[in-house]
Structure formats: structure tokens, C-alpha cells
Amino acid sequence: MSSHAHLTENDPTFSARKRSTGEIIRRVSTYLSPYKGLAFATVACAVLSLLCAFAFPRLTQYIIDDVIGNGDTSQLTPAILLLIGAFFLRDFFNSVRIQVNNHFEQNVVFDMRREVYARLQRLPVRYYDKRASGDLMTRVIEDVNAVERLLIDGTEQGTVAIVSIFGVLAILFATNPVLAGVAMIPIPLLALGAMWYTLTAHKRYRKQRQASSAMNALLMDNLQGIREIKAYGREQHEDGRFTDRAEAMRQSTLTIMRAWAFYNPSMNFIAAIGTGLVLWIGGGQVMAEQMSVGELVAFLFYLALFYEPISKLHGLNQMLQSARAGGERVFDILDSTEERKTAETNQPLPAPVRGEVEYRNVQFTYADDKPALINIDLTAKPGQMTALVGPTGAGKSTLVNLLPAFYETNGGDITIDGQSISNTSLQSLRQNISVVSQEPFLFNGTVRENIAYGNLDASDEEILEAAKAANCHDFIGELTDGFDTKVGERGVRLSVGEKQRISIARALLKDSPILILDEATASVDTATERLIQQALERLMSGRTSFVIAHRLSTIRNADQILVLKNGSIIERGNHDELIEQQGLYSRLARIQNTTFIEEGFEKLEPAG
Ligand SMILES: Nc1ncnc2c1ncn2[C@@H]1O[C@H](COP(=O)(O)OP(=O)(O)OP(=O)(O)O)[C@@H](O)[C@H]1O
Ligand SMILES: [Mg+2]
């Protein structure tokens with residue numbers, strides 16, 4: 001097997017725009033504003049807990065100098081009780097803080113996750129053409145979590161660090177300015193280290209987020225293609241592909257950890273040197289009787305309270321860099337333009353919708369330069385059936401996908417009852433169009449839920465009616481749980497013909513005046529075929545329908561037939577007219593023994 005056999009999906013880690021740490025913090029803080037009370041309570045508890053911790057060195061000094069130094073046994077027990085009381089309060093406030101903080105942070109993450117998901121659903125189809133689902137999933141789940149870490153630990157550690165650094169600094173300088181000066185010696189080194197870490201961490205985190213996305217994207221793709229993997233015996237091949245992605249994930253995570261393993265102990269060591277220096281100079285001061293032993297011990301304890309938050313600042317920095325990499329990817333989704341934002345053009349279609357559809361000189365191009373549709377003109381009268389035929393890749397699906405505005409046209413205009421769809425609200429537009437696609441998608445729920453998707457307010461009676469009209473009532477009756485049978489992911493537990501009929505029932509229930517039908521090419525047995533055909537006829541009757549037809553039997557019934565080739569309509573008319581025109585269609589139809597029109601194309605234009 002050559003390396004060409006490797007599938008390369010379109011960039012699974014569609015890179016996000018770089019953003020500064022400041023921008024990420026600003027964006028994240030907008031999510032905090034509804035919870036000012038909780039944020040304040042978190043910080044207040046942190047500060048209270050800290051103040052209680054400040055009592056410890058002071059009490060220790062008192063015990064060493066005044067109680068032990070003076071041999072005052074009666075004061076020992078009260079002093080210890082006071083000490084324990086201070087610790088109790090410290091931990092009590094800490095416990096309250098953790099609880100408040102959890103609520104705070106879960107609220108924020110809940111809001112953020114919902115917003116990302118809501119935005120995802122409102123992004124244009126074009127957006128998804130370029131992205132892997134696994135990548136988007138990673139953003140909603142993992143990257144939001146990276147931002148969450150910043151909120152959980154970040155807010156608390158940040159405030160505690162700042163309060164304690166400045167608080168302790170004041171105490172240190174007030175008790176012994178010389179020693180305090182000595183304690184500051186490691187600070188420039190700590191600052192340099194933090195700067196190095198900050199400047200380099202982002203690159204490492206971004207790599208890791210991308211590696212994680214790539215791995216998830218592959219996993220998602222493979223889970224959906226599990227039958228193909230088995231059918232082609234590609235398990236080992238896929239193991240290899242996954243190993244590559246997992247390896248990239250392992251390497252990028254190790255890179256982060258390696259940097260951290262070097263950075264964090266180094267910073268601790270530099271701080272320890274500070275402690276050593278203080279003990280050295282302070283020890284001299286004690287021996288020179290410029291300072292009491294208790295004062296020195298208290299000073300050292302305060303010093304620990306000073307260096308510890310500084311090392312927490314490193315942790316905070318790490319979190320911040322991780323959140324920045326994740327935040328970039330989350331905000332990338334939030335900043336993508338939704339389909340149709342302009343409010344002034346958001347008119348509903350005037351009711352009742354008759355369903356007259358007109359394409360005038362419509363042009364359309366996908367991302368590349370090759371036009372997919374050129375000068376499309378067509379009129380479909382209310383209730384008429386339009387059949388689209390043409391070789392594969394001619395642009396049939398593209399043409400019908402423009403009607404519900406899955407894609408926006410690049411030129412020309414499409415109108416429904418005379419109103420341009422570009423001035424029509426997407427909600428009203430799509431409410432009036434039913435789409436039965438080539439490969440019907442069923443959600444992982446029950447048969448009933450899948451039919452009811454066409455009209456969430458439908459009664460059981462109406463669902464039953466639709467199921468009967470779609471000829472799926474009989475087979476549903478034979479399922480173990482009837483309408484409550486779970487269909488499995490994408491409806492895997494049903495046959496293609498069954499899925500099709502459920503999707504027809506769903507469209508019937510939606511009961512919209514316009515219908516788009518991408519007829520399935522999959523052959524089913526003649527009996528099922530007849531059932532589906534019958535269901536489709538019921539579905540089409542009284543609706544303006546666009547049918548991408550493959551069966552000549554369907555096409556013959558159409559009010560107009562449009563023959564597409566290379567993005568243009570090359571012939572139009574009803575069956576009899578087209579036969580008279582002596583063009584491509586007439587030659588197709590004359591070929592005997594074809595059920596599917598594609599067979600005709602193949603016979604007329606052999607591959608190549
Ligand atoms: N999402 C997309 N992004 C870019 N190009 C696309 C996309 N979908 C289709 N195309 C291209 O546009 C052209 C028309 O495709 P379309 O799906 O409309 O063909 P079709 O007539 O429906 O074919 P078939 O009968 O096989 O379904 C093809 O060349 C196809 O490669
Ligand atoms: Mg198609």
C-alpha cells in the first residue's frame with residue numbers, strides 16, 4: 001500500500017485567528033458580568049481565608065518569644081487554641097469559596113457552551129464544508145474546558161496571589177526592611193522566567209489543541225465510516241492513522257509538560273535561594289541581637305506566604321496560556337458570521353404561500369472558481385412538478401440547495417410568490433420548503449420522534465396519518481416497539497427503503513407548499529419501490545415539487561423536465577416536447593430497457 005492511500009480530509013484543525021492574552025481575558029470577562037455577586041463572594045472568601053492565614057506567623061512569633069522565651073506556661077494553651085481557631089477559619093472560608101466558585105464557574109461555562117452550540121447551528125452550510133465535525137466537537141467540549149480552568153482556579157488564584165503578594169510585602173518591609181530587601185533578590189529572576197514561559201507557552205498549547213482536534217476529527221470520521229473500514233479490511237490501516245494522530249497528541253502534551261517540568265521547579269528553586277539568603281542574613285542579625293528568634297521564624301513563614309503565590313502566578317500563567325489557545329478556537333466559532341444577519345430584509349413570505357418558484361439568471365460557485373451553475377432560469381407554477389435530470393455532477397443538487405438558501409447565490413435572483421428569497425427570513429423560507437434528501441438522515445431516537453421532527457406539535461393521530469400515507473405504517477407495526485422503536489444512529493437499524501418512507505412521513509407532517517426531493521438511486525425491490533412511489537405521489541400532490549429524478553417513470557409524469565449539463569440547463573419541456581426536440585433527452589428516452597436515466601447517460605456518453 002502506497003502512502004497515496006492515506007486519506008487527507010480537509011484541514012481538520014481549521015486554524016483559529018491568533019488573539020492576544022488581553023483580548024481573551026476581555027472576552028472571557030464579558031461572560032462573568034452576569035455573576036458579579038458570585039465573583040465578589042469568591043474573591044471575598046479568598047481574601048478572608050488569606051487574612052486568617054496571615055495570623056499564623058504572628059502567633060508563632062508570640063509563642064516563641066513571649067510564651068516559650070518567658071517560660072509563661074499559662075499562655076501556651078490559649079495561644080495554641082487561637083492558632084487552631086485561625087486555621088479553622090482559613091479552611092472554613094476556603095470551603096465556602098470552593099462551593100461559590102463552582103457555581104460561578106459552572107454558570108459561566110454553561111452560558112458559553114450554549115452560546116457556542118447555538119452559534120454552530122446558525123452557521124451557513126458552507127462553513128461546515130470546510131470543517132471536520134470532530135474538530136468542532138473538540139472546541140465545544142475541550143476548548144471550553146480550557147477556558148473553564150482559568151475561571152475555576154484563575155479567578156481565585158489570581159486574587160489570592162495579588163492580595164497576598166502585596167499584603168505580605170507590606171508586612172515584610174514593616175517588620176524588617178533589610179531582610180525584606182534580601183528577600184527581593186530572586187524577584188528579577190522569577191520575572192524573567194515567567195516572561196520566558198509566557199512568551200513560549202502559547203505556541204506549545206496551540207499545537208496541543210490542534211493535535212487534540214485532529215485526533216478527535218479522525219475518530220469521528222472513522223466511527224461514521226466503521227462499515228467501510230470493515231468492508232475494506234482497513235482496521236490496521238486506521239490503527240496506523242490513529243496512532244499518528246495520537247502520537248502528535250502525546251508529543252505536544254509532553255512538550256508542554258517538559259517545559260513545565262523545567263520551569264516550575266526552577267522557579268521554586270530560585271525562591272528557595274531567597275529563603276536561604278534571608279536565613280543567612282537574618283541568622284546573623286539574631287546572633288547580633290538585632291532581631292529575636294521568633295521574629296526570624298515569623299519572617300520566614302511570611303516569606304513562604306510571599307513566594308508561594310508567586311509560584312501560583314506561574315500556574316496561573318500556564319492556565320492562562322492554555323485558556324488562550326482554547327479561547328481562540330472557541331471565539332473563532334462565536335465570531336463566525338451567522339447565515340443571514342441583516343434584520344431589515346427579514347420578511348416572512350406573505351401567507352398563504354402558493355408556491356410559485358422562479359429562478360432568474362442564477363449564478364453559483366462553490367469556494368473554487370469553477371462555476372457550479374450558470375444562467376439558470378426557470379419557473380415552477382404552484383403545484384407543478386419539475387424534474388431535474390442530467391449526468392452526475394451536473395449541478396442538480398446544487399440547484400435545489402439554493403432554494404432553502406443552504407447556499408447564497410452569486411448572481412441573479414430566486415423568488416417565491418414573487419418575493420426574493422434573499423429578502424425572506426430563513427425561518428419563513430425553510431418552513432415552507434420540505435426536503436427529502438437522497439440519503440435520509442434519521443436522528444438517534446424513536447420512529448415517532450423522527451416523524452414528529454416534521455412538526456413538533458403534531459398529535460399522535462397526525463403522526464399515524466402521516467405514517468400511513470407514507471406507507472410505513474405496516475413495517476412500523478412489525479418493529480418490536482412499534483413507533484417507540486429506537487432507530488439507532490443515523491437510523492442504522494432500519495433498511496434504506498424504511499428510512500426513506502420515514503423521511504417521507506416526516507415531510508408529509510411538515511406539510512409545506514414546496515417540496516424538494518432528491519430521489520434515491522438505491523434500488524429496492526419492486527414491491528417496496530411501488531410503496532415508495534405511492535408515498536411520494538401523495539407527498540407531491542398539491543405541492544410545487546422539484547424532483548431530482550432517476551426513474552424514467554417519475555420523469556414522464558413531470559410538468560416540466562430540465563436537463564442539466566455542466567451547470568447549465570440545456571433542454572426543457574415536458575416529456576412529449578423533449579422527445580420532439582430530438583435532443584439529449586429524446587435519445588435517452590429512446591434507449592430501451594432502462595429504468596434509471598443514468599443508464600442512458602452512460603450508454604450515450606461512455607465514461608471519459
Ligand atoms: N459542498 C461543495 N463544495 C464544493 N463543490 C461542490 C460541493 N458540492 C458539490 N460540488 C461540486 O459542484 C458540482 C455539482 O455538484 P452537484 O452535487 O450539484 O451534482 P449533481 O448533479 O447533484 O450530481 P449527482 O447526480 O451525482 O447527485 C460538482 O462538480 C461537485 O463536485
Ligand atoms: Mg446530487
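The values are calculated or read from the model by the stated rules, or taken from the named source; none is laboratory data. This one's a predicted model, so the numbers in the text were calculated from it and none came from an experiment. Cβ sites come from the backbone with ideal geometry, for glycine too, and all protein chains shown count toward neighbours. Surface accessibility is based on the protein's heavy atoms, side chains included, excluding ligands, DNA and RNA. Shrake-Rupley method; radii C 1.70, N 1.55, O 1.52, S 1.80 Å.
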Checklist entry - Quick one: putting +1 on the C-beta of Lys and Arg, -1 on the C-beta of Asp and Glu, what dipole do you get for the range 436-511 around its Cα centre, in Debye to the nearest 20? => result 320
Next on the checklist: With equal scatterers on the alpha carbons only and no solvent term, can you work out the Debye log10 of I(q)/I(0) for the range 106-146 at 0.19 1/Å?
Outcome noted: -0.56
Item to check | Residues whose placed amide H lies under 5 Å from that of Val436, excluding near-sequence neighbours | outcome: Ile516, Leu517, Asp518
Next on the checklist: To check you understand DSSP bridge types, tell me what percent of the beta bridges within the chain (both residues inside) are antiparallel, rounded to 5.
Outcome noted: 55
Checklist outcome for this item: If each K or R counts +1 and each D or E counts -1, the residues other than Trp196 whose Cβ falls under 15 Å of its Cβ total +3
Item to check | Around Arg360: net Lys/Arg minus Asp/Glu count, Cβ-Cβ under 11 Å | outcome: -3
Next on the checklist: Please list Trp260, Trp280, Trp196 from largest to smallest accessible area, probe radius 1.4 Å, with all protein chains kept in place.
Outcome noted: Trp280, Trp196, Trp260
Item to check | Amide H within-cut-off set for Glu571, under 5 Å, with H built and near neighbours excluded | outcome: Val563
Item to check | Sulfur and carbon atoms: percent of accessible area, the range 436-511 [1.4 Å] | outcome: 45
Next on the checklist: For the range 69-156, what does the accessible surface come to per residue with a 1.4 Å probe? Please give it in Å².
Outcome noted: 53
Checklist outcome for this item: The distance between the Cα centres of the range 196-260 and the range 308-327, in whole Å, is 24
Checklist entry - Whose amide H sits under 5 Å from the amide H of Gly412, counting only residues 5 or more places off or on another chain, with H placed in the peptide plane? => result Gln363
Checklist entry - More than 23 Å apart: what percent of Cα pairs in the range 186-270 qualify? => result 44
Checklist entry - Which angle between 0 and 90 degrees, to the nearest 10, do you get for helix 460-469 versus the longest principal axis of the chain when only C-alpha atoms count? => result 40
Item to check | Under the Karplus curve 6.51 cos²θ - 1.76 cosθ + 1.60, θ = phi - 60°, whole-Hz ³J(HN,Hα) for the range 56-63, x wherever Gly or Pro sits | outcome: 4, x, 4, 5, 4, 4, 4, 5
Next on the checklist: With a 1.4 Å probe and all protein chains kept in place, how much accessible area does Thr253 have, in Å² rounded to the nearest 10?
Outcome noted: 30
Checklist outcome for this item: Taking only the alpha-carbon positions of the range 82-207 as identical scatterers, the Debye log10 I(q)/I(0) at q = 0.12, 0.15, 0.16, 0.18 Å⁻¹ comes out as -0.77, -0.99, -1.05, -1.14
Checklist entry - Applying the Karplus parametrisation 6.51 cos²θ - 1.76 cosθ + 1.60 with θ = phi - 60° to the phi angles of the range 159-173, what ³J(HN,Hα) value in whole Hz is obtained for each residue in order, glycine and proline being reported as x? => result 5, 4, 4, 5, 4, 6, 4, 6, x, 5, 4, 4, 4, 4, 5
Item to check | Residue-averaged 222 nm ellipticity for the chain, from DSSP H runs of 4+ at -39500 (n - 2.57), nearest 500 | outcome: -19500 deg cm²/dmol
Checklist outcome for this item: Expected vector for the range 529-536, Karplus 3J(HN,Hα) from phi with 6.51, -1.76, 1.60 and θ = phi - 60°, integer Hz, x for Gly and Pro, equals 3, 5, 4, 5, 4, 4, 4, 5
Checklist entry - Could you give the accessible area per residue of the range 436-511, probe 1.4 Å, as a whole number in Å²? => result 51
Checklist entry - Considering only protein heavy atoms and a 1.4 Å probe, what is the carbon-and-sulfur percentage of the accessible area of the range 12-334? => result 66
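Taking 8 Å as the Cα distance limit and 6 or more residues as the minimum spacing, I'd like the relative contact order of the range 12-334 as a percentage.
35
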Next on the checklist: Given the whole protein assembly as supplied and a 1.4 Å probe, what does the accessible area of Ile579 come to in Å², nearest 10?
Outcome noted: 60
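Charges at C-beta only: +1 for Lys and Arg, -1 for Asp and Glu. How large is the resulting dipole of the chain about its Cα centre, in Debye rounded to 20?
Dipole of the chain, to the nearest 20 debye: 1080 debye.
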Item to check | With all protein chains modelled, accessible area of Phe262 [1.4 Å, Å²] | outcome: 130
Next on the checklist: Would you report the distance distribution of C-alpha pairs in the range 12-334 as whole percents per 10 angstrom bin, up to the bin with the largest distance?
Outcome noted: 5, 20, 24, 21, 14, 9, 5, 2, 0
Next on the checklist: If DNA, RNA and ligands are ignored and the probe is 1.4 Å, what is the ranking of Lys203, Lys381, Lys396 by accessible area, most exposed first?
Outcome noted: Lys203, Lys381, Lys396
Checklist entry - If you rank Glu580, Glu247 by how much accessible surface each has, with a 1.4 Å probe, what is the order from largest down? => result Glu580, Glu247
Checklist outcome for this item: Taking a ≥ b ≥ c as the square roots of the eigenvalues of the Cα gyration tensor, with a/c under 1.5 meaning rounded and otherwise prolate when a/b exceeds b/c and oblate if not, the range 436-511 is rounded
Checklist outcome for this item: Neighbours of Arg250 by Cβ distance under 13 Å: Lys/Arg at +1, Asp/Glu at -1, summed charge +1
Checklist outcome for this item: In the chain, taking the dipole from +1 charges on Lys and Arg beta carbons and -1 charges on Asp and Glu beta carbons about the Cα centre, the listed residue (Thr138, Leu588, Gly294) farthest towards the positive end is Gly294
Next on the checklist: How are the alpha carbon pair distances in the chain distributed across 20 Å bins from zero to the largest one, expressed in percent?
Outcome noted: 15, 35, 25, 15, 8, 1, 0
Checklist entry - What size of dipole, in debye to the nearest 20, comes out for the range 12-334 about its Cα centre when the only charges are +1 on Lys and Arg C-beta atoms and -1 on Asp and Glu C-beta atoms? => result 1740
